[in-house]
Amino acid sequence: MIKAVISGTGLYTPPATIDNDELVEAFNQYVELFNAENAGAIARGEVVPLQPSSSAFIEKASGIKRRHVIDKDGILDPERMAPYIPERSNEEPSVQCDMAVAACGEALEQAGKSVQDVDAVIVACSNMQRAYPAVSIEVQEALGIDGFAYDMNVACSSATFGLQAAVNSVENGSARSVLVVSPEICSGHLNFRDRDSHFIFGDACTAIFVEREEHARAGQGFEILGTRLKTKFSNNIRNNFGFLNRADESGIGKPDKLFVQQGRKVFKEVSPLVAETILNQLRSLSIAPDDLRRMWLHQANLNMNQLIARKVLGRDATEDEAPVILDEYANTSSAGSIIAFHKHKGDLASGDLGVICSFGAGYSIGSVLVRRR
């Protein structure tokens, strides 16, 4: 029987960073401008004045200290509050393609493989630059891979859902190996004028190389023991931007065309679902929670991760057991759990067990149980 393994991971990190103090300064300048411009309407009770943010509030609410972004200046301009990412001509590689190529290069190098060894590319992320042609096919062309490619979107769970698709392709024999790539430009759909969410996201791209166990170098990488997917519809995390917007002009520019969420409901509803999904997967494989050496959880909110780990383990997890990259990267959507895996997998010993788990809009949950070879 063909078995799939993860034999390499890659990460592209944009060089620009914004710490909480910088973000708060720009946001509070915007608040002052808004309140001044609407002073009359505010005095008449027609407009609710905006409230300032603070670095202490952000860190307490999320655990985030800074984030990497494609463009810094546009975000910190209080009169713009959005990244400036110029459109490229059709003859130039897209921004997501450039990010993907960089991350894939590291994943291939780590696996000791070349593009000639790859049969498929899956670009799995929350937002694509365009509807078609598929970004994955552009990445395939840029890398020089002879095979097939497709895009998929399950919001913050895209990478783990993509991992299962890659495992299926490898284990059913349709591909020798697959690159799963998540070029997340989260700053592009974040409302930097919303006090409750302006600090949440950062930009990054991850890549995962999945191949047949027989083709991987001896003792390298992680055997994939199983995957578990779960979805349950909810409107509590949503982004209504799409090609149908032009069919109803009244909605153009409205806040719901960017990221919106009801954070408290998400926290309350998703946390037990995630813990239950992981525990059910462990039970199905006759593995006890205490046998887990590490949990690479979706990096959305520190308090949420701590609660999920506590529900799974029956006690508080140490930072070694559930590493955090939120403070450095913020929420990078589907890339988050893979960044944690990429940065905190090298110290595991042969036989150690771990779970890669992401969760988000949908609701969607993807859990991948792995064992160090």
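The values are calculated or read from the model by the stated rules, or taken from the named source; none is laboratory data. This one's a predicted model, so the numbers in the text were calculated from it and none came from an experiment. All Cβ positions, glycine included, derive from the backbone under ideal geometry; neighbour counts span all protein chains shown. Surface accessibility is based on the protein's heavy atoms, side chains included, excluding ligands, DNA and RNA. Shrake-Rupley method; radii C 1.70, N 1.55, O 1.52, S 1.80 Å.
A few points about this structure:
- Loop-located trypsin sites (Lys or Arg not before Pro) across the stretch 72-154 with a Cβ neighbour count of 16 or fewer within 10 Å are 80, 88, 130, with loop assigned by DSSP.
- Remark on residue 8: its backbone amide H falls under 5 Å from those of 209, a criterion applied only to residues 5 or more positions apart or on other chains, H modelled at 1.01 Å from N.
- What the phi angles of the stretch 241-252 give under the Karplus curve with 6.51, -1.76 and 1.60, with θ = phi - 60°, is a coupling list of 6, x, 5, 7, 4, 5, 7, 9, 4, 5, x, 4 Hz, glycine and proline written as x.
- Positive dipole terminus of the stretch 96-204, leading residue within 110, 120, 157 (C-beta point charges): 157
- Karplus (6.51, -1.76, 1.60) ³J(HN,Hα), θ = phi - 60°, over the stretch 145-150, in Hz, Gly and Pro reported as x: 9, 9, x, 9, 7, 7
- Per residue, in Å², the accessible surface of the stretch 1-156 once ligands and nucleic acids are set aside, probe 1.4 Å: 50
- The chain: calculated mean residue ellipticity at 222 nm from DSSP helix runs of at least 4, using -39500 (n - 2.57): -10000 deg cm²/dmol
- Protein heavy-atom accessible surface, 1.4 Å probe, per residue over the stretch 217-317: 58 Å².
- This model, with +1 at the C-beta of Lys and Arg and -1 at the C-beta of Asp and Glu, gives the stretch 34-141 a dipole about its Cα centre of some 660 debye.
- Nonlocal amide H pairs with residue 149, under 5 Å, H built at 1.01 Å: 121
- Residue 156 long-range amide H proximity, modeled H, under 5 Å: 361
- Charged side chains reduced to their Cβ positions (Lys and Arg at +1, Asp and Glu at -1) give the chain a dipole of some 1400 debye around its Cα centre.
- GNM top mover of 11, 282, 179 - the chain, alpha-carbon springs below 10 Å: 282
- Among the trypsin sites (Lys or Arg not before Pro) found in the stretch 260-363, those both in a DSSP coil and sparsely packed, with 12 or fewer other Cβ atoms within 10 Å of their Cβ, are 315.
- Nearest-ten-degree value, helix 95-111 long axis tilted from longest Cα axis of the chain: 30
- Centre-to-centre, using Cα atoms only, the stretch 88-145 and the stretch 327-368 are separated by 21 Å.
- Apportionment of accessible area to carbon and sulfur, the chain, percent (1.4 Å): 49
- Phi-derived couplings, Karplus 6.51 cos²θ - 1.76 cosθ + 1.60 at θ = phi - 60°, listed residue by residue for the stretch 218-230: 3, x, 9, x, 10, 6, 8, 7, x, 10, 9, 10, 8 Hz, with x used for Gly and Pro.
- DSSP-assigned coil residues among GluC sites (Glu not before Pro) in the stretch 57-156, each with at most 12 further Cβ atoms within 10 Å: 79, 87, 91
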